[in-house]
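S.K.: The following block contains the structure, expressed as structure tokens.
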Amino acid sequence: MQQQKHFDRFEQHMRQRFVISDEEWQAFVEQGSPKSFLKGDSLFIAGEVVDKVRFVFQGTLCNFYLTSEGNRRNKSFLQQGDISACLSSFARDLPARFYCEALSDGECFEISAKALKTLSGSCVGWQNAFSSMVTDLALKKEAREADLLLLSPTELYLQFIFDSPKLAQSLTNYHIASYLGITEVSLSRIRAKLGVQNAYQRQPHKDV
């Protein structure tokens, strides 16, 4: 029942964002299915070709890298309306270089990459939607790269809490610091300097 409500909101969001006919939407629905995930679940790992595309309609996912020393670097956070996929796998059948982990319980609509490719090649609505999704992804990547190169750690943190206020409240310092490319201690100092309450809440974590 609850999953159906989430799926209905997902459909409303997608069809407001893109021009998709009833027939094209039905073809999409028939090729995939809603899936639930639990906090800590791994949706895919580095080294494998990711053959699924997941449209998030509840919960929070995190894409991240692991360095050769085992250090985690958070790449991006995915929430309602975002897409979990690996473009290198989708476009060129290359293995992913990053991981995707659930930071909370949630739900998504899962479809095979092959089926989505077929839809985007045969349905004008999905062809346009896919083009728009790839463009959005490229723009986000460009903005992220510019922020990391041009902004100070304090500016990065202020930008993060402006763009993602709910995530700034719900995520642990560990995940925020990893996303900003700084240590938890540095984040604590920034938060203290800015007068943010609960400036340091170290919580246990484990890497995948």
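The values are calculated or read from the model by the stated rules, or taken from the named source; none is laboratory data. Note that the structure is a prediction, hence the values are computed from the model and not measured. These accessible areas exclude ligands, DNA and RNA; they are computed on the full protein's heavy atoms, side chains included. Shrake-Rupley method; radii C 1.70, N 1.55, O 1.52, S 1.80 Å.
S.K.: Relative to the longest principal axis of the chain, what angle (0 to 90°, nearest 10) does the C-alpha long axis of helix 113-122 take?
M.R.: 50
S.K.: Cut-off under 16 Å on the C-alpha distance; same-chain residues fewer than 8 positions from LYS140 excluded. Which aspartates and glutamates are left, in chain and number order?
M.R.: Cα-Cα hits under 16 Å: ASP82, ASP163.
S.K.: Also: Go ahead and set up a Gaussian network model of the chain, Cα springs under 10 Å, then flag whichever of ASP51, ASP147, ASP163 fluctuates most.
M.R.: Ranking ASP51, ASP147, ASP163 by mean-square fluctuation puts ASP163 first.
S.K.: Identify which of LEU43, LEU94, LEU139 has the largest mean-square fluctuation in a Gaussian network model of the chain, with springs joining Cα atoms closer than 10 Å.
M.R.: Ranking LEU43, LEU94, LEU139 by mean-square fluctuation puts LEU139 first.
S.K.: In Å², what does the accessible area per residue of the stretch 42-122 work out to with a 1.4 Å probe?
M.R.: 45
S.K.: Roughly what angle does helix 153-163 make with the longest principal axis of the chain, taking Cα atoms, 0 to 90 degrees, to the nearest 10?
M.R.: 40
S.K.: To test your reading of the geometry: what angle, between 0 and 90 degrees and rounded to tens, separates the Cα axis of helix 22-31 from the longest principal axis of the chain?
M.R.: 70
S.K.: To the nearest 10 Å², what's HIS175's accessible area with a 1.4 Å probe?
M.R.: My reading of the accessible area for HIS175 is about 30 Å².
S.K.: Roughly how many whole Å is it from the C-alpha centroid of the stretch 1-73 to that of the stretch 75-133?
M.R.: A separation of 7 Å, based on Cα centres.
S.K.: To continue, here is another question. Accessible area of LYS5, 1.4 Å probe, to the nearest 10 Å²?
M.R.: Approximately 100 Å² of LYS5 is accessible to the 1.4 Å probe.
S.K.: Need the full-extension length gain, SER104 to ARG15, defined as separation in residues times 0.36 nm minus the C-alpha distance. One decimal, nm.
M.R.: Computed gain between SER104 and ARG15 is 29.4 nm.
S.K.: Let's test this: bin the Cα-Cα distances of the stretch 14-61 at 5 Å from zero up to the farthest pair and state each bin's percent.
M.R.: All Cα pairs, binned at 5 Å, distribute as 4, 14, 21, 22, 18, 12, 8, 1 percent.
S.K.: Let me ask something else about it. Picking from LYS140, LYS117, LYS166, which is most flexible by a Gaussian network model of the chain using Cα springs under 10 Å?
M.R.: Maximum fluctuation in the GNM of the chain, among the listed residues, is at LYS166.
S.K.: Keeping the other protein chains in place, figure out the carbon and sulfur percent of the accessible area of the chain, with a 1.4 Å probe. Mind showing how you got there, number by number?
M.R.: Values: 6100 of 12040 Å².
That fraction is 51 percent.
S.K.: Summing -39500 (n - 2.57) over the DSSP H runs of n ≥ 4 in the chain and dividing by its residue number, what mean residue ellipticity at 222 nm do you reach, to the nearest 500 deg cm²/dmol? Don't skip to the answer; put the middle values down first.
M.R.: On the way: 9 runs with 105 residues, N = 208.
Helix-only estimate at 222 nm: -15500 deg cm²/dmol.
S.K.: Here are some values of Rg/Rh (Cα atoms, Kirkwood Rh): [x] 0.99; [y] 1.01; [z] 1.20. Which one was computed from this structure?
M.R.: Among [x] 0.99; [y] 1.01; [z] 1.20, the one calculated here is [x].
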